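Novice: Quick one: the structure is below, and I'll ask about it shortly.
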Amino acid sequence: MKLPAETVKVTTAPALEPVTLTETKLHLRVDHSTEDDLITRLIAAARRYCEQVSQRAFVNQSLTGGIDYWPYDGVIRLPYPPLSSVTSIKYTDSAGTEHTLANTVYGVDTKIGLIYLRQDQQWPSATLRSYDPITIVWVAGYGAAAAAVPDIYKQAIMLLVGHLYENREAVVAQQGITMGTLPLALDALLMVDRGYY
C-alpha cells in the first residue's frame, strides 16, 4: 500500500533551502541587495513547487501522513523520497484512544522507502476509528545540508526562480504575443526521477 501523497503535510520545514541567495542572485545576474527579500521568498516558493512536481523531498524535513487501515500485504510505501527515518506510527481505536505502535513490530527500509511488518509480528487487532485512524511521521530528504541535494533539482529551482523573478504577474498580455507554459527545461529536470528510488 502506498500512503496517499494528498494526506501528507510538512510538520517541520527544512532548516535551509537547497540553493542559497548568493548563488540564485548569480544565476539571475542580480548584483544589488534591494530585492533580497523577494528573491528569498521566490526560492522557497520554487522549492515547494519543485518538490510537489518531482514528488521528492530535497533537504531533510518532517512529514506527516495517514492511512485508513493496516495493509494486508504488510508493507506501507511512503511518498516524497528519499526516506531518512520513521519517527512514529500512531493509531486511534474506535474508543478514541491513541496508541503508539512499538518499533519492534515494524522495520524500515530507507533504500526503497517503505515500512514493513517484521517476521512473526502482526498489526494491532484493535478496531480502528472510522476516520483518519493511522498517522505516520517520518523524515524525508537527501540530507540536512544543501550539498546533499542533486544538482538537477537545484537547477530546476533556479530556473523557476528566474521565471518568477522576470514575470511578476500571473499573466502578461501583450499584443501579438501568445502566452505559453513554463519552459520544457523545468519539466524535463523534475520528471527525470519522479517520486521513485
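The values are calculated or read from the model by the stated rules, or taken from the named source; none is laboratory data. This one's a predicted model, so the numbers in the text were calculated from it and none came from an experiment. Reconstructed Cβ throughout: ideal geometry from the backbone, glycine too, with neighbour counts over all protein chains shown. Calculation scope for accessible area: heavy atoms of the full protein, side chains included, ligands and nucleic acids excluded. Shrake-Rupley method; radii C 1.70, N 1.55, O 1.52, S 1.80 Å.
Novice: Count neighbours as other Cβ atoms within 10 Å of each site's Cβ, and list the trypsin sites (Lys or Arg not before Pro) in the range 63-115 that are DSSP loop with at most 13 such neighbours.
Specialist: Working: sites: ARG77, LYS90, LYS111; in loops: LYS111.
Within the range 63-115, the qualifying trypsin sites (Lys or Arg not before Pro) (loop, at most 13 other Cβ atoms within 10 Å) are LYS111.
Novice: Moving on to the next point. Please state the relative contact order of the chain as a whole percent: Cα pairs under 8 Å, 6+ residues apart?
Specialist: Relative contact order, the chain: 30 percent.
Novice: Extending each Cα 7 Å along its Cβ direction at SER130 and ALA145, get the distance between those two points in nm, one decimal.
Specialist: 5.2
Novice: Which one, (1) 42, 39, 33; (2) 49, 47, 32; (3) 64, 36, 29, gives Cα extents along the principal axes in Å as derived from the coordinates shown?
Specialist: (3)
Novice: Whole Å is fine, so just give me how far the alpha carbon centre of the range 121-170 lies from that of the range 44-66.
Specialist: 2
Novice: Counting alpha carbon pairs within less than 8 Å and at least 6 residues apart, what relative contact order, in whole percent, applies to the range 84-169?
Specialist: 34
Novice: Now for a different question. Which percent of the accessible area of the chain is formed by carbon and sulfur heavy atoms (probe 1.4 angstrom)? Kindly include the intermediate steps, with their values, before the conclusion.
Specialist: Numbers: 5850 of 11330 Å².
Within the chain, the accessible surface is 52 percent carbon and sulfur.
Novice: Let me ask you something else. Report, ordered by chain and residue number, the lysines lying within cross-link reach of LYS9, taken as a straight Cα distance under 16 Å and ignoring same-chain residues fewer than 8 apart.
Specialist: LYS90
Novice: What number, in nm² with one decimal, is the all-direction average of the projected area of the convex hull of the alpha-carbon atoms of the range 1-111? All intermediate terms of the calculation are to be shown ahead of the outcome.
Specialist: On the way: hull surface 36.7 nm².
Averaged projected hull area, Cα only: 9.2 nm².
Novice: Taking every pair of alpha-carbon atoms in the range 1-42, give the share separated by more than 15 Å as a whole percent.
Specialist: Values: 477 of 861 pairs.
The share of Cα pairs beyond 15 Å in the range 1-42 comes to 55 percent.
Novice: For GLN52 and TYR72, FRET efficiency with R0 = 30 Å and r from the beta-carbon atoms, rounded to 0.05?
Specialist: According to the calculation, E is roughly 0.50.
Novice: Next up: Return the FRET efficiency for the residue pair MET191, ALA45: r is the Cβ-Cβ distance, R0 is 22 Å, and the value is rounded to the nearest 0.05.
Specialist: The computed FRET efficiency comes out at 0.65.
Novice: According to a simple spin-label model (label point 7 Å from Cα along Cα-to-Cβ), what is the distance in nm between ASP36 and THR100?
Specialist: 4.1
Novice: Further question on the same structure: Please sort 160-166, 45-51 by packing, taking for each peptide the average over its residues of neighbouring beta carbons within 10 angstrom, highest first.
Specialist: Answer by packing, highest mean first, reads 45-51, 160-166.
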